[in-house]
Each structure stands twice: as C-alpha cells, then as structure tokens.
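Everything on this sheet refers to the single structure shown next.
The values are calculated or read from the model by the stated rules, or taken from the named source; none is laboratory data. All values reported here derive from a predicted model rather than from experimental measurement. Ideal geometry is used to build each Cβ from the backbone, glycine not excepted, and the neighbour counts take in all protein chains shown. Please note that ligands, DNA and RNA were not included when accessible areas were found on the heavy atoms of the full protein model with its side chains. Shrake-Rupley method; radii C 1.70, N 1.55, O 1.52, S 1.80 Å.
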Amino acid sequence: LPTIIGPAFICPGGTYQYSAGSMLSNVTFTWSITGGTIVPASGIGSPVTVTWNPTGPYILSVIQTLNAAPFCSSLPAVLNAGALASPSISGPVITCINGVTSYTATSVPGFTYNWTLSPLGLGSIISGNGTDSIQVQWLNSPGTATISISYPQCPSLSSTLSNIVVTNAPAPTI
C-alpha cells in the first residue's frame, strides 16, 4: 500500500504538493481527487500539485501499479484533508487606558499570525506579533478599538474582535 506525503490540513482554495511513498520500486502512481484538481491532469506520477476547491469534501487517493508482470494494483491510500477554519480571538473587550492586555488566537502548528490593531492612536502591539498570542499596550486615550488577525499561509482566513472599549480608570473616592 502506498503512503501519501503532504499536508493533512489545508486552506480552502490553496495549492499544495503531495507525493507518494512506497516500499516497492518500479511502480506507477495514479492519483484521484474529490474537491480539487491535480497537475498533471492525467493524475499519473509523483509528486503531484493539488489545488483544493473553496469548499470540500477534500479527498485525495493514490494507488500503485507494478510496471512488470503481473501488473498488480494496490488498494488506494486515502487522505481526507481537513480544512482550516478562521482563527478566533479571545481576550478582554473592556480594558483600561495605560494597561497591558493579552489576546490569543486559535493555534495552528507551523503557522504564523498577522495581527493588526486599529485605530493606532489607542494602543500598540508590544509583543507576540507572528505568534498566536500578543500583548497590547493601551495608550493614554479612551476609545473603541478593533484587533484583527490573519494567517499569511492562508489569507482567506481572518478574524476580528471589534468594539474593545478602552476606558479611563475609575476615579478614586475618599
């Protein structure tokens, strides 16, 4: 039985390379796909380039056939690829001016993260950009902010945490 080497989690609409592994030599690999297209279009060979459709299911399979008598074919090796989802952001939606607040996003191993904060006059990202967790230093100005995140590896997936209220600290009473 051949093995499929390539990403099991994909970005909908993304393009990836897959190859077949085998304990046998002198074999031909023949691929089939549900939910995408293969290059070469014949589906024969290894590696192949797969472009996944915007929606699933995402199923890739490969068989190996001996190139000499008795020309036997294997059962298929099957990869059911999972589609990555848009990241979700967690963190406080009410914070104080001059404070430091942490925000985290859904973790995807091997991915980097692009965080943005707007408007710029309310605060800045002081650590963690590129990772799944950031710290924001809020400035000395109250207002309403928005934090957004996207994956450079999968630009179609993004998320926004809106209406973050940056407020003055309560005045002390004596």
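The mean accessible area for residues of the range 1-47, using a 1.4 Å probe and ignoring ligands and nucleic acids, is 55 Å² per residue. Counting protein heavy atoms only, the chain has 61 percent of its accessible area on carbon and sulfur, 1.4 angstrom probe.
Of all beta bridges that DSSP places with both ends in the chain, some 90 percent have antiparallel geometry.
Of I149, I174, the residue with the largest accessible area leads and the full order is I174, I149 (1.4 Å probe). For the range 110-174, the solvent-accessible area of protein heavy atoms averages 54 Å² per residue (probe radius 1.4 Å; ligands and nucleic acids excluded). Among the cysteines of the chain, C72, C96 have no other cysteine beta carbon within less than 4.7 Å of their own. Computing volume of the Cα convex hull per residue in Å³ directly from the structure and comparing it against (i) 125; (ii) 171; (iii) 151 singles out (i). Across the range 75-145, Cα pairs under 8 Å and at least six residues apart give a relative contact order of 31 percent.
Computed on the range 129-174, with alpha-carbon pairs under 8 angstrom and 6+ residues apart, the relative contact order is 37 percent.
If I take every Cα pair under 8 Å that is 6 or more residues apart in the chain, average their sequence separation and divide by the length, what percent do I get for the relative contact order?
18 percent
Between the alpha-carbon centres of the range 44-59 and the range 117-174 there is a gap of 37 Å.
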